[in-house]
Every structure is written in structure tokens, then in C-alpha cells.
Amino acid sequence: MTEFVLCTLGTRGDVEPFVSLAAALTSRSYGVTALANENWKEDFQRAGATFRSIAPEDESQSGRDDYKFFIRSILPSFRESYDCVSELVSRKSVALVYRANMLGMECAAESFTLPNVRVVLQPSSVKSYLRPPWPLSTLTESPFRSLSARVLVPAIYCASEAFSRYRLLANLFRKSVGVRPVHPWGRHKDVADLTLLFCPGWFAMPQADWPSNLHMVGFPAPRESSLHPELRSFIADRGAPLVFTPGTGVSEVKEFFERATKVAECLGLAAVFLSKHYTKASSASSSIICHPYAELAPLLQASAALIHHGGIGTTAQAIFAGIPQMIVPDRFDQPDNAMRVACLGLGSVVLGRKFCGADWASLLDRTMSSTHVKSQLATARELLRSSDAIATSVKMIEKCVGCTSAYAPQVISDEAA
């Protein structure tokens, strides 16, 4: 029977969809080997997967030199994942399921001619000239959008690749495993048999120049979990709170929570601060409770709004809960996710650091009281209830790989599929 090798790296939002996939595949009697940062071992083992560490726990993103981090942690993980697949291929039938940019898995798929599925977690990772990630998207929304899409955006993409410090290192790795290098001005065949985008179409805004093998499966539903007793008691006493989180990968959080404290004060609402880098001693207010971590699903169901960094997983959680969100994006996919939320009327966005806590409070108050936002949230929540991203993904993975399990598959509606 086919052994699935799942591979991802990063923080919780990068990993949880793969934990859910691992649980779904093992429940259908498939063998699953999971490759990820060492701190996710227990999560994958609870899902029934065999775990192999390919990198240490992610470093804090605050003040991190991304290039040095790539050399120190990401590049070695490519070799670890490639070698793991090489070892498994010699003993059994293998199929690969991996997050975008896992170069070791892409090279293994090409070297050993393996069926493979790429998973994209955010729409900004899908290369498009017609609708590139924000702020480049402003070029294709201008009066010169046709020229931008045909000339300017492709030129920016090409220049970015040509002058990228990462490209040389990636090509050196490709060469070391016998795979041809990629040049920014040349054509490169996509090795993936199938690409799954874990976003619904109404959020992802699909474009005509997206890859033909890409399919949108929706946001993965939050895992069932219970609310921490201390938080449950706090909410019972104080009412629906505002929830603030700067993201699990951020350690420099003082400024964020200083503004958050002012927001809670201005709006007269209780607040939950989530960060392992911000302790109870940091706040003297009895209307604010600090926790290092909490399962968002049950917490947001009982909350008034979410204020966060704009990671795609956290963004989706707020939509599932049907509550307004205010995003204060920093890097990676966060600004693009934030602009999509704002354009869809699901929340608001704060761009830049010049705004004070009172400014945040004013924007959040308008967002929470907006009838348009409430209407859009109700519609989005209803749409999410009609789909099952993980079940749909497993069905498509099985079809792509050409295998079926001994498990009797659940019925998936045509709409969900």
C-alpha cells in the first residue's frame, strides 16, 4: 500500500493543515511519514503518523536575518527531506504531499519520478501576473493594468528571481542531487501532479493565468477543542472579549500589546492577550488576561473581535467564528491576506506603525459596528459550513496518486468537491 510522505516547516499555521491531512490519511489505513520541525513531533504522532525531524524549532521572526536563517535551518532541511524520501523509496511505494517551496521534496519527486501533490496555504504564493500579491496588485488595478500585467509585473518577477540570493543556493542543492537548475528567464516544468490551494474561491480570487493543475479546496476547519478553564471563567465574568495575538513566531510584542491595552481601555471591553512573550505581570488591568497560547476556535466563538498579524490560518479562524477581525500585517503573506479581508468586507487593516492605540480603537469600533461587515461575515461563515477542505483534499490526493484505501470513504458532495 502507498506510504504518504507529508512535509512542511514553520509555525502553527504552516503545520496544522498537515496534521489534519495526516490524521485523515491514517484513518483511511494509509501509512504516513511526517517531516517537519522537531517541536511538532507530538502533534503528528497523535495524528497517527511516523515522525521525522528535518529542522529545529523555528526561530523568532522578530529581528531575524532571513538569509542566514535560510542557510542555517531551511537549506539543511532540504537535504534531510530528500534523504528520507530516498530511503523510503528503496523499500515501498511512496507518494509525496508537501507545502510549497519544500525544495527537497520537489527534487525527490523529480529524481525518483514519484506522484506528488503540492499544498499552497495562501493565495499570495500562487504566481500570477494578472493579480500579484499586494502591493504589486495595485499595478494591475490602475488604468495601465493591461501593460502592467503584460510587461511590468513579469519584469519585476524576473528581476526578483535574477537577483535573489536564495536562487544560487537552491540551484546548488538541485545540482547536488542531480536535478537541473532553474533560471529566471527560462521555462521550468512544474513537477507537481496536483496543486491544492487551501482557500475558498471567493477568498482566493482565482485568475486566468493560474496553473491548470491548481484546485481550491477551501479553508481547513478548526480542530475540535475545548476552552481553557481560566479563559472560560474570565469570559463568564467579563463578557465577550477582544482577542489580540501578534503570531506565534513573533517575540518583540511590547509595542503591539501597549496599543492593545489602549484599545481595550478606549472601547471599555475585556481583552485576551495571547503570546508566550507577554506575561500577566506586564498588565495590571483586571479586564485583561494574558495567556501563552490558546486554541482559537473555542475562544473566538465566545469573543467580540480578533486583532492579529494576518497569518492565513488565524485569518481563516476568525471567518469560521463569524467575528470581525482587524489585521496589523508585518511580512510574508500577511499584507496580501489583510487586503483580501478588507476588500471582502470581513474586517479592516492597519498598514504602518505610525498609528497609536486610540487610532486602532477607532478603526476597530467602526469595523465591529458595521452592518456590511456583519452581513459579509454571515455569508462567509455559511459558505464555509458547506465545505470540508480536508476530506476534499484526501479525495483529490487519492485520485491523483491512483490509489484507494481499505477504508470506506465518506460521501463528499459535488459542491464540496
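What to note about this one:
- Under a model in which nothing but the beta-carbon of Lys, Arg (+1) and Asp, Glu (-1) is charged, the chain shows a dipole of about 640 debye around its Cα centre.
- Sorted from longest to shortest, the spans of the Cα atoms of the range 274-337 along the three principal axes equal 35, 26, 17 Å.
- Given charges at Cβ of Lys, Arg, Asp, Glu: the chain dipole, positive-most of A321, Y166, I397: Y166
- For the chain: relative contact order, % (alpha-carbon pairs under 8 angstrom, 6 or more apart): 15
- Projected area averaged over orientations for the range 229-384, convex hull of C-alpha atoms, nm²: 8.3
- Positive-end residue, the range 122-226 charge dipole about Cα centroid, Cβ charges, pick of W185, V217, C199: W185
- Taken over the chain, the percentage of Cα pairs per 20 Å bin, counting from 0 up to the bin with the maximum distance, is 25, 58, 18, 0.
- DSSP bridge orientation in the range 229-384 - percent antiparallel, rounded to nearest 5: 0
- Highest GNM mean-square fluctuation among L25, L103, L267, for the chain modelled with Cα contacts below 10 Å: L267.
- Rounded FRET efficiency, nearest 0.05, which uses the C-beta distance separating L383 from S176 and R0 of 45 Å: 0.50
- Comparing K189, K254, K41 in a Gaussian network model of the chain, where Cα atoms under 10 Å apart are tied by springs, the biggest mean-square fluctuation is seen for K189.
- Remark: relative contact order (the range 229-384) = 22 percent; criterion is Cα-Cα distance under 8 angstrom and separation of 6 or more residues.
- Dipole magnitude (debye, nearest 20) for the range 213-309, charges at Cβ of Lys, Arg, Asp, Glu: 40
- Here the dipole of the range 229-384 is about 100 debye; that uses its Cα centre as origin and unit charges on the Cβ of Lys and Arg (positive) and Asp and Glu (negative).
- Amide H contacts under 5 Å for L197, placed H, 5+ residues apart: V120, H215, M216, V217
- The range 94-116 and the range 210-233 have their alpha-carbon centroids 25 Å apart.
Only the coordinates and a few stated rules stand behind these numbers; no lab work does. A quick note: this is a predicted structure, and the numbers were derived from the prediction, not measured. Positions of Cβ are generated from backbone atoms using ideal geometry, with glycine treated the same way; all protein chains shown enter the neighbour counts.
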